[in-house]
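Scroll down for the structure; my scribbles are underneath it.
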Amino acid sequence: MTDHFTDTLLGHITVRTNVRARRIIMRAQADGVVVTVPPYTSRQTVTDTLERFHQRLRQQQLAMREKEQSNGSHASSIGPDFAIRTELFCLTLEEGERERFYLRAEPGRTVIVYPPDTEFQDSERQQWLRRVVERALRQQAQWLLPERLRALSVLHGLPFKECKVSVSKGRWGSCSTKGSINLSCYLLMLPSHLREYVMLHELCHTREMNHGPRFWALLDSLTGGSAKALRNELKNYNTTF
């Protein structure tokens, strides 16, 4: 069983139940924490444990991010010419007249309006802007992804309980044993056929919870026999912007 929720500082929390686990195990990631728990562990117990180790986990996350930066990153600097343009989402920056940043957003498009004297090369400013872009991406995903998932669910007769949107960079999506589907906002960065593949993948888990032959047969029937080819193509994409 898998559960998901968000911590304001630690990011996306993934809780996985393991019948062999004897204690709670927490593993920090750059954008969240993966928690492995014994069966019947309550959400409150998980949140209490996270609270006790909050500072240590946060330090581990920061160390991971510093290591990623020191190893070299392909991320672009966010400035006046920065833009994200995909089939579902467009984000651009625009100089304004006010002395503060603000957003203009509607489904499919976000504009970050910046003050005329903005110093974009400041490292703290860059980190802040990346968080703003991520929040904009998540807002757009909350507007757009659940609606598309529902359409695919009805089309293929694969009902799900609910759809949540996360900022996970490690997983495109997940499905719990209760039929709750979690989708990463970074799906908006994918071409449509791969975004749809991820959604169909998670919908198939509402019927087949493992990756056995019946799961792949079902997913193949929905993708024209291309399930594993699409899976391999997906590996070429990352969440860097």
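What follows is calculated from the coordinates using simple rules that are stated; it is not laboratory data. Nothing here was measured: the structure is a model prediction, and the numbers come from that model. With ideal geometry, Cβ positions are generated from the backbone for all residues, glycine too; neighbour counts draw on all protein chains shown.
Out of the residues in the stretch 128-171 meeting the condition of being under 24 Å from S77 (Cα atoms) and touching a Lys or Arg at 6+ places or on another chain (Cβ under 9 Å), tell me which one is surrounded by the fewest Cβ atoms within 10 Å (Cβ to Cβ). Out of the qualifying residues, it is V167.
Against the condition more than 21 Å from I13 (Cβ to Cβ), surrounded by 20 or more Cβ atoms within 10 Å (Cβ to Cβ) and among the hydroxyl-bearing types (S, T, Y), how does Y197 come out, does it pass? Spelling it out, Y197 is indeed more than 21 Å from I13 (Cβ to Cβ), surrounded by 20 or more Cβ atoms within 10 Å (Cβ to Cβ) and among the hydroxyl-bearing types (S, T, Y). Summed over the stretch 1-25, the residues that are more than 20 Å from N182 (Cα to Cα) and either in contact with a Lys or Arg (Cβ under 6 Å, 6 or more places away or on another chain) or not basic (K, R) (or both) give a count of 4. If you scan the stretch 222-233, which residues turn out to be part of a helix (DSSP H, G or I), of a type outside the set (D, E, K, R) and surrounded by 16 or more Cβ atoms within 10 Å (Cβ to Cβ)? Matches in the stretch 222-233: L222, A227, L230. The condition (being surrounded by 14 or more Cβ atoms within 10 Å (Cβ to Cβ) and over 19 Å from V165 (Cα atoms)) is satisfied by just one residue among Q60, Q29, Q44: Q60.
Considering each of N210, N182 in turn, give the residue that is crowded, with 21+ Cβ neighbours inside 10 Å and either within 13 Å of the chain's Cα centre (by Cα) or more than 29 Å from I84 (Cβ to Cβ) (or both). Working first, answer last.
On the way: N210 fails: crowded, with 21+ Cβ neighbours inside 10 Å.
So the residue among N210, N182 that is crowded, with 21+ Cβ neighbours inside 10 Å and either within 13 Å of the chain's Cα centre (by Cα) or more than 29 Å from I84 (Cβ to Cβ) (or both) is N182.
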